[in-house]
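Reviewing the structure listed below.
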Amino acid sequence: MSKYKAVRTVVDGITFASKKEAARYCELKLLERAGEIRDLRLQVPYEIIPKCGNNRAVKYVADFIYKKHYDGITDTFETVEDCKGMKTQVYIIKKKLMLWRYGIEIKEV
């Protein structure tokens, strides 16, 4: 059990950080099969602050990324989703940095 009481869960041989994240994965797989979304990817890293001297780069890892379908037209922009039970201060800062650096608004589920 983690600090925030999240229980690791395995679905399709993939280990998820929480039951909530695993359930969202199942929903997204159904949407992908139905043709509502496409190009579903998991755990995609973004470098939000590059390495500087001896300091490591700061990264944000998106839980899910996909493209939406609208009446046969695929959105060229990717939707970035994060399954959140607890919004930590670090997450809040990284969310703002993602918007500032990449113009990406993270969708919280």
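Does residue 12 satisfy the criteria of being within 15 Å of the chain's Cα centre (by Cα) and surrounded by fewer than 16 Cβ atoms within 10 Å (Cβ to Cβ)? Reasoning before the result, please.
Details: within 15 Å of the chain's Cα centre (by Cα): no; surrounded by fewer than 16 Cβ atoms within 10 Å (Cβ to Cβ): yes.
So residue 12 fails the test.
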I need every pair where a residue in the stretch 78-94 that is touching a residue at least 60 places away in the same chain (Cβ under 8 Å) has its Cβ under 7 Å from the Cβ of a residue that is part of a loop (DSSP other than H, G, I, E, B) and polar (S, T, N, Q), sequence separation at least 6 or different chains. 83/18; 85/18
For residue 45, the lone unmet condition from (1) under 13 Å from the mean Cα position of the chain (by Cα); (2) surrounded by 13 or more Cβ atoms within 10 Å (Cβ to Cβ) is (2)
Qualifying residues in the stretch 68-100 (those that are open to solvent by less than 80 Å² (accessible area, probe 1.4 Å) and over 30 Å from residue 4 (Cβ atoms)) - the one farthest from the chain's Cα centre (by Cα): 72
If residue 85 passes every condition in (1) at pLDDT 90 or above; (2) closer than 22 Å to residue 99 by Cα but one, which one does it miss? (1)
Only residues in the stretch 16-44 that are part of a helix (DSSP H, G or I) count as the first member; pair them with residues that are among the polar types (S, T, N, Q), Cβ under 8 angstrom, at least 6 apart or cross-chain, and list the lot. 19/9; 21/9; 22/9
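The values are calculated or read from the model by the stated rules, or taken from the named source; none is laboratory data. Small disclaimer: the values here were computed from a predicted structure and weren't measured. FYI the Cβ positions are ideal-geometry reconstructions off the backbone, even for glycines, and counts take in every protein chain you see. These accessible areas exclude ligands, DNA and RNA; they are computed on the full protein's heavy atoms, side chains included. Shrake-Rupley method; radii C 1.70, N 1.55, O 1.52, S 1.80 Å.
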